[in-house]
Amino acid sequence: MDWILPILDLAVIEPVTPGLWKPSPPVPDWLGWAGGDLQSLGNEFPMLETFLLDAMPFWDRGQRGRLRSAIWKQKVGPAEAAFRADAIFGDGKRALLLQRIDEEAEEMRRAYQGARDLALTTRKFDKQRAQAELIGRRKDDFLASMSHELRTPLNSVVGFATLLEQQRGGELTGKQQSFVSNILTASRHLLALINEVLDLARIDAGRLDLCFETFKFGDCVAEVLAILGPQAAGRHVAIDAAGVDIEIFADRLRWKQILLNLVGNAVKFAPEQGSVLVEASSGDAVYEVAVSDDGPGIPPQKREAIFDRFSIASVHGAPQESHGLGLAITKRLVEAHGGLIRIETASMGGARFVVTVPCADRKSP
Amino acid sequence: MSETRPPLQKKICLAGAFGAGKTSLVRRFLQGVFDERYLTTVGVKIDKYSLLVDERQIDLVIWDLAGEDFLAPLQISYLRGASGYLLVADATRKETLETAESIVGRIAGTEGALPFVLALNKVDLAGECEVSREDLDRLETAGWRILRTSAKSGEGVTEAFEDLARRLL
Ligand SMILES: Nc1nc2c(ncn2[C@@H]2O[C@H](COP(=O)(O)OP(=O)(O)OP(=O)(O)O)[C@@H](O)[C@H]2O)c(=O)[nH]1
Ligand SMILES: [Mg+2]
């Protein structure tokens, strides 16, 4: 045992006679104990009381070795200090080592602190995200049910106005006919808008299930042009298609919706006698679809906001015409396919919407 | 007509999940201050404090134990010789109440039925509370004494320690 004393820079208390313990010199200031039984030391250091419950039987076994206590902090005088105790047995002697370990304890504390701070921060972050998702979902549910509520009465407005227009309820004067036609135009517009809100809310609420199939993109373009034909012809806008006879693996109905929106906008914003071009191309990894017009175009600083569902305002010159929610929906549909949509300036001067989509894996889309 | 009885010395422990506010509750109780910073406890921090309960002096030896987390479970052996414990849960983290329940079970398993009081702490953060009325009702029905505390505002802190001290008499 004696060999260990010189290399200890701390208080060692060893039994002088059985039951009488004494600090081994030099006695540090903080110890404040001149000797006696171990219980009296326990009054100063409550941790020792508990530790001795294990230390006593350890010493009594009489086997060479060491038993270590946990770290504790307590006041010594006015200041707080960290301690650790060791019960030691060797050369037939018992010793109790009381060590001040302020630095070691602080190092250990810092290690724990790092892990716990991280755990708390992660938790906080997860909670905020979950809350944001919940609020978003509630909002979408609200929009969905609200739109549904609005649609029902509006359908009957459109229905009865249509009956009036068809003069089912009796003949109308010229003035009455024009009033009814105004009612119909406005309520159909409103209905279309509500359908868009509903669609958007459904998509945002995560209720968009894509149904993938392989189809000829050209067929889809032809269907869309058939629908928009009259509108384009009315304004003498020419629609051309180039390279559209590719095959793609995607949701056909949703692609029709994307095209209806993009080509519909192009027709709307092209000038009288203007032109619209639908192009497609397909590579190994991606296929690309672009719709251009020769209208006023979209300035770069407005290109981002135009896909925002809250930016219904017109970015073009024509005040009564807007992109509505269509572009917000289009963007989400493109993204649901794993693709991206961007706006460029068309070589013919107007806007050019370019959709790039990775070729989906046909087995697991 | 008060007879003079010798002071009682009692060891009590604070136990619960990490970061629930054990150290902050002790600080508020002993020094009347609060710190927003989180300095985790390693091992044990021991303080002494004397208080009068029903005209009887009790010398408390307060063991503020390191909180439990997924890496380090509570060392039940610290509770040896304790007369009771203040169980601390964080009202803004539901899982700390589960930790508290599990601790009660483990302590009862080794130390027997020690008196304890649950401090449901951080009640100043009312908007972030995650503990439901039903949870508390269930525990109270099971005989738990629950006090709502805030080391930050001081609410319920003295009451919690005194309530526990009274149970030690
Ligand atoms: N708002 C608020 N914060 C509190 C309250 N009590 C503690 N805190 C904060 O919670 C964090 C953890 O407090 P501590 O007292 O260190 O928690 P502990 O239970 O001792 O933690 P461990 O020692 O790691 O087990 C600190 O940032 C405190 O400032 C409270 O009542 N209200
Ligand atoms: Mg602590």
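The numbers here are math on the coordinates, done by the rules we state, and not lab data. On a predicted model such as this, the values are computed, not experimentally measured, just so you know. When we count neighbours, we look across all protein chains shown, and the Cβ atoms used for this are built from the backbone with ideal geometry, even at glycine.
Which distance in nm do the two modelled labels at B:A142 and A:E223 give, with both placed 7 Å along the Cα-to-Cβ direction?
6.0 nm
Which is the longest part of chain B that has none of the GluC sites (Glu not before Pro) sitting in a DSSP loop with at most 15 other Cβ atoms within 10 Å?
Result, exposed sites excluded: B:56-129.
Scan chain A and report its longest stretch carrying no GluC sites (Glu not before Pro) that are both in a DSSP loop and have at most 14 other Cβ atoms within 10 Å.
With GluC sites (Glu not before Pro) excluded where exposed in loops, chain A gives A:1-170 as its longest stretch.
Setting aside same-chain residues fewer than 8 positions from A:K93, which lysines have a Cα under 18 Å from its Cα?
Of all the lysines, those that pass the test against A:K93 - Cα under 18 Å, at least 8 places apart if same chain - are A:K22.
So how far, in whole Å, is the C-alpha centre of the range A:21-63 from the one of the range A:232-308?
87 Å
Relative contact order of chain A: what whole-number percent is it, with Cα pairs under 8 angstrom and at least 6 residues apart?
Relative contact order, chain A: 10 percent.
Shielding of B:14-23 by partners, i.e. mean partner chain Cβ atoms within 10 Å per residue?
Shielding by partners across B:14-23 averages 1.
Give me the distance between the Cα centres of the range B:11-32 and the range B:54-68, rounded to whole Å.
Here the answer is 10 Å between Cα centres.
When a footprinting reagent is the concern and you count Cβ atoms within 10 Å, what order do A:S292, B:S102, A:S156 take, fewest first?
A:S156, B:S102, A:S292
Taking 7 Å along the Cα-to-C-beta vector as the label spot, tell me the A:N195-A:E104 distance in nanometres, rounded to one decimal.
Taking the two extended label points, one gets 7.7 nm.
Chymotrypsin sites (Phe, Trp or Tyr not before Pro) within the range B:32-128: which are DSSP loop residues with at most 11 other Cβ atoms inside 10 Å?
Answer by residue number: B:F70.
Structure shown: which of A:K139/B:K152; A:K73/B:K22; B:K48/B:K94; A:K124/B:K94; A:K139/A:K256; A:K139/B:K122 lie over 24 Å apart, alpha-carbon to alpha-carbon?
Distance filter (> 24 Å) returns A:K139/B:K152; B:K48/B:K94; A:K139/A:K256; A:K139/B:K122.
Quick one: grab Rg to one decimal and Dmax as a whole number for the protein assembly as shown, Cα atoms only, in Å.
Gyration radius and largest Cα-Cα distance of the protein assembly as shown: 38.8, 125 Å.
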